[in-house]
Each structure stands twice: as structure tokens, then as C-alpha cells.
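The values are calculated or read from the model by the stated rules, or taken from the named source; none is laboratory data. Worth saying up front: this structure is predicted, and the values here are computed from it rather than measured. For neighbour counting, all protein chains shown are included, and Cβ atoms are generated from backbone atoms with ideal geometry for every residue, glycine included. Heavy atoms of the whole protein, side chains included, go into the accessibility calculation; ligands, DNA and RNA do not. Shrake-Rupley method; radii C 1.70, N 1.55, O 1.52, S 1.80 Å.
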Amino acid sequence: MFKTDKTPKQYTPGEALQKIAAFCAYQERTHKEVEQKLKSYGLDEDEAGEIIIRLSREKLLDEERFAQAYVRAHYRQKKWGRRRIVQELKQKGISEYCIKSGMKEIDGDEYYQNLLDVLEKKDRQEKEKNPRVRRQKISVFLTSKGYEQDLIKLALDEFGKAPEDDE
């Protein structure tokens, strides 16, 4: 009744082009992702290369556009810092040029506000009572989110000067 054969279906270059075009139209993709998908369709490197060139010419595949969309999504929704975003883009095989172009999507004021938002949320969740240890734990967390040390220190200093400290 159910097919148990897990061998991936083999596609002709024409069929693969149609499938991969839909794959690229659904969301921004990297050349590496598309190449892996085409290989899973049973295409050789030359056939995959030709399809990638065609997709690029037809503007269905654009790594600069991918980097810009990735940066926007990850700094706005996931509230990641610059360092983590750059690291993830490098892992995806994105060129330095495209990474630089993508990083221009970050608005400095909004970025710093994100850092403060993440800091406040983490501060509410942190159970540590010792102020020095608490600050260190929050700093480590913000570093893992990809924020730069100088900005973390600035934000922690600003956050530490809450209105209730004046009383």
C-alpha cells in the first residue's frame, strides 16, 4: 500500500529546472542550497551548473538579494547581532561582497534597540541574584546572540542606571 523505497526520484534537466524554479520562487535561496537540491534530483555537476546560471540570469537566484533578506529577517525577528549573522552567512557560502551588501540592511538605532529589548527580556528571565554574576551571565547570552562587546557593555551600563536606582 505504501511505497517504502526511499530512493530519490531522478529528473531530466528540464523537469529539474521546473522544480527548482518553483523552489527558488518560494523563498530566497543560496547557490549552495540549489546545487545540493539539483544533485538530489540526480543531475551531474555540469547540468546543475547550467541550471544555476540560467536561474541567476532570470533573477530567480540572487545571493545578494538572499543576504539582504536573511539579514533583515534575522536582525528584526530573531534579534540576532551582526557577528552571528555574518557567521551564519559565511557558513551558507555567501561571498564577502554579498554579506557586506546584506549588512547594509541593518539600521543602527533599531539594532541597538533590539539589543536593549533582548537584554531586558533576558534580565526578566535570569534567576541569578548576585549582580556581578547576573551581569556576566547576561553578557555571555548577548555575545551568543552575536552582539559586539562594546555595545553589550554600553547597553548593560545604560540598563543598570534604571530610574529606581536614583531613590
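In table form, for the structure just shown:
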| item | result |
| --- | --- |
| Residue with peak Gaussian network fluctuation, the chain [Cα springs, cutoff 10 Å], from Arg72, Arg82, Arg54 | Arg54 |
| Counted charge near Ala25, where neighbours are those whose Cβ lies closer than 13 Å (Asp, Glu -1; Lys, Arg +1) | +1 |
| Degrees between helix 149-160 axis and first principal axis of the chain (Cα, 0 to 90, nearest 10) | 40 degrees |
| Per-bin percent of Cα-Cα distances, the chain [5 Å] | 1, 8, 14, 14, 12, 10, 9, 8, 7, 7, 4, 3, 1, 1, 0 |
| Whole-number accessible area per residue in Å² for the range 1-116, which is evaluated in the context of all protein chains at 1.4 Å | 63 Å² |
| Residue-span extension gain [Asp109 to Arg57] - 0.36 nm each, minus C-alpha spacing | 15.1 nm |
| Gly81 long-range amide H proximity, modeled H, under 5 Å | Gly146, Tyr147 |
| Karplus 3J(HN,Hα) series, Hz, for the range 60-70 with 6.51 cos²θ - 1.76 cosθ + 1.60 (x for Gly, Pro) | 8, 10, 8, 5, 5, 5, 4, 4, 5, 5, 4 |
| Across Lys78/Lys153; Lys37/Lys59; Lys19/Lys92; Lys59/Lys145; Lys92/Lys137, pairs whose alpha-carbon gap is larger than 27 Å | Lys59/Lys145; Lys92/Lys137 |
| Between helix 31-40 and the chain: long-axis angle, C-alpha atoms, 0 to 90°, nearest 10 | 50 degrees |
| Helix axis angle, 108-125 relative to the chain longest principal axis, alpha carbon, degrees | 70 degrees |
| Cross-link table Lys39/Lys121; Lys90/Lys121; Lys39/Lys79, entries beyond 32 Å C-alpha to C-alpha | Lys39/Lys121; Lys39/Lys79 |
| Fraction of accessible area attributable to carbon and sulfur, the chain (%, probe 1.4 Å) | 50 percent |
| Integer Hz, Karplus 6.51/-1.76/1.60 couplings in order for the range 10-16, x for Gly and Pro | 8, 10, 6, x, x, 5, 4 |
